[in-house]
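Written below as structure tokens is the structure these notes are about.
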Amino acid sequence: MRRYIARRLLLVVPVLLGVSLLTFLMIHLTPGDPVQLMLGDQATPEAIALLKAKLGLDQPLHVQFGHYLINILHGDLGDSIRTNRPVMEEIGSRFPATVELTALSTAIAITLGVGIGTIAAIRQNSPADSGSMVLAIVWVSMPSFWLGIILQLLFAVEVPWFPIFGRSTPVFTLEWIKSLVLPAVTLGARSAAILARMTRSTLLEVIREDYIRTARSKGLTERVVIYRHALRNALIPVTTLAGLQFGALLGGAFIVETVFAWPGVGRLGVQAIFMRDIPVVQGMVLLVALMFVLVNMAVDLFYAYLDPRIRYG
């Protein structure tokens, strides 16, 4: 297992290198001049040339990319064009807010998704099964920005239980929890619906297996059969999907944080894209890629816990 973990950690290096190369090329080959955008339409050619030389944007692309990689190895992602602050500080100041939002959204998605899917499978063809699957289809069909606006109207305007936007500080207070609820539910609802449908279908397949019939014939209670034998095996494909959904949550955070004015890295990324703030966009993409790779590695390791037959050489 240690060798497997070491190999997976080494794979992070080429993945991040490929992501940084693709991001670098896509941003630098996109039409438009970020220096012109930053200085405005009234900027003189001399001022534009001077700032390009200062930022290194007048050099060939391969030279710029080489400098970019060397700086990354030294922990330097450059300075924001918009604020002149180091990118690490910009992302670091927003990162805790996104971690809070993504963690609670993931917890909501897994808890609701696995719970509703299990109930639907156990009570197949019952009103609870039909109702839960209809609810899942409705959640999947809702765009995140639309669901967020509906929740704001219902639970912040009509019934003022939660703040309409923003993140309350200090953290770990009742006001902070209330400010976190609506954006977390908005972000996690779609993933919960997808996980519920996957849990139902995989659990229905597992409970028809021979070893489940054998467990029942041994006189085990239905609760033990479902939760100790069937659900554990059914969760293997669900775990794979949950890892992929984590990437979807990171992407969805860009929209949800904008709708709720949540001061996280998603909102920072949207602002950086509109302002053509190249260093911040590159840092954001690297961060998302790193988190996605680490989460998928954790998912692979969780397989071994769910199914002892899985071993890595």
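Listed values, structure above:
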read-out	value
P(r) weight above 32 Å for the chain, C-alpha pairs, percent	43 percent
Sulfur and carbon atoms: percent of accessible area, segment 2-54 [1.4 Å]	70 percent
Principal-axis tilt of helix 2-29 within the chain, Cα atoms, nearest 10 degrees	50 degrees
Residue-count net charge about Gly166 - beta-carbon cut-off 12 Å; Lys, Arg +1, Asp, Glu -1	+1
Inter-label distance for Ile177 and Leu50, nm, one decimal - labels placed 7 Å from Cα along Cα-to-Cβ	5.6 nm
Net length gained if the chain between Val138 and Leu22 were fully extended (0.36 nm per residue, minus Cα distance)	38.2 nm
Burial ranking of peptide ranges 86-94, 188-196, 46-54 (average Cβ count within 10 Å, highest at the top)	188-196, 86-94, 46-54
Choice from Leu249, Leu147, Leu301 with maximal GNM fluctuation in the chain (Cα, 10 Å cutoff)	Leu301
Residues with amide H under 5 Å from that of Asp79, placed H, sequence gap 5 or more	Val87
Most to least packed among 166-177, 16-27 [average Cβ atoms within 10 Å]	16-27, 166-177
Label-point separation, Leu301 to Val15 (7 Å along Cα→Cβ), nm	1.3 nm
Helix-only mean residue ellipticity at 222 nm for the chain, each DSSP H run of n ≥ 4 adding -39500 (n - 2.57), per residue, nearest 500	-25000 deg cm²/dmol
The chain, accessible area per residue, ligands and nucleic acids excluded (1.4 Å, Å²)	55 Å²
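The values are calculated or read from the model by the stated rules, or taken from the named source; none is laboratory data. If you're wondering where the values come from, they're calculated on a predicted model, not measured in any experiment. Heads up, the Cβs are rebuilt from the backbone with ideal geometry, glycines too, and the neighbour counts pull from every protein chain shown. For accessibility, only protein heavy atoms count, side chains too; no ligands or nucleic acids. Shrake-Rupley method; radii C 1.70, N 1.55, O 1.52, S 1.80 Å.
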